[in-house]
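Scroll down for the structure; my scribbles are underneath it.
Read-outs throughout are calculated quantities, based only on the coordinates presented, and are distinct from any laboratory measurement. Worth saying up front: this structure is predicted, and the values here are computed from it rather than measured. Note: ideal-geometry Cβ built from the backbone for every residue, glycine included; neighbour counts use all protein chains shown.
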């Protein structure tokens with residue numbers, strides 16, 4: 001999940017989980033944060049790799065592995081991150097579950113001085129392989145969203161913090177799967193979850209190639 005505002009540059013604040021062996025030296029899911037003030041050109045970093053994010057609570061390790069991981073057809077686990085803007089200090093605060101972790105100073109992302117213009121939820125992968133061959137990199141659980149609960153990854157309770165500091169459901173979310181043969185998305189609504197979506201996929205398969213995404 002990330003919040004962003006842009007004109008010439010994109011200012012972005014991000015939180016979620018990722019698998020990134022090049023950064024963490026293993027393939028375990030990690031809690032991560034990220035920021036940039038110039039569309040990922042020269043500013044920003046993951047976690048606390050550069051000055052920027054101010055951690056005020058060391059209870060949760062940024063870049064740390066999750067202790068409990070969902071199992072296919074087994075027990076499912078989730079975590080609840082939230083980013084919101086303090087109307088007094090103008091800083092952007094981060095909470096994970098019940099714990100407030102710290103904040104990004106408002107001066108760090110000047111295009112986010114007043115509010116965010118876009119809020120994104122979802123998943124992404126990086127494909128640096130040959131242009132004619134799609135990566136086997138999985139998104140989410142590695143299963144397509146039509147497999148549903150207990151098998152596919154999901155994001156639920158799609159909400160934003162309004163100017164009055166109240167959480168409200170996103171009224172009309174827009175959903176996009178750029179390469180549905182590789183990774184797809186399926187939306188829904190329930191009284192328990194509010195607006196939600198399942199997402200992800202295996203990457204390379206018989207229908208997912210560079211020429212037929």
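Brief remarks on what is shown
- Length-normalised contact order for the stretch 169-213 - Cα pairs under 8 Å, 6+ apart - percent: 37 percent
- Rg/Rh for the chain stands at 0.95; both radii use Cα atoms, and Rh follows the Kirkwood definition.
- Centre separation in Å (Cα based) which lies between the stretch 133-179 and the stretch 103-119: 23 Å
- Residue 163 paired with residue 40, simple spin-label distance in nm, labels 7 Å along Cα-to-beta-carbon: 3.2 nm
- Modelled FRET efficiency - R0 25 Å, residue 189 with residue 100, Cβ distances, 0.05 increments: 0.30
- Mean projected area of the Cα convex hull of the stretch 124-213, taken over all directions, amounts to 7.1 nm².
- Where N is the number of residues in the stretch 79-142, Cα Rg divided by 2.2 N^0.38 Å: 1.58
- For the chain, relative contact order (Cα pairs under 8 Å, six or more residues apart, normalised by length) works out to 17 percent.
- Ratio Rg/Rh [Cα only; Rh per Kirkwood] for the stretch 1-120: 0.98
- Relative contact order of the stretch 105-213, taken over Cα pairs closer than 8 Å and 6 or more residues apart, is 31 percent.
- If R0 is 25 Å, the Cβ-Cβ spacing of residue 25 and residue 136 corresponds to a FRET efficiency of close to 0.80.
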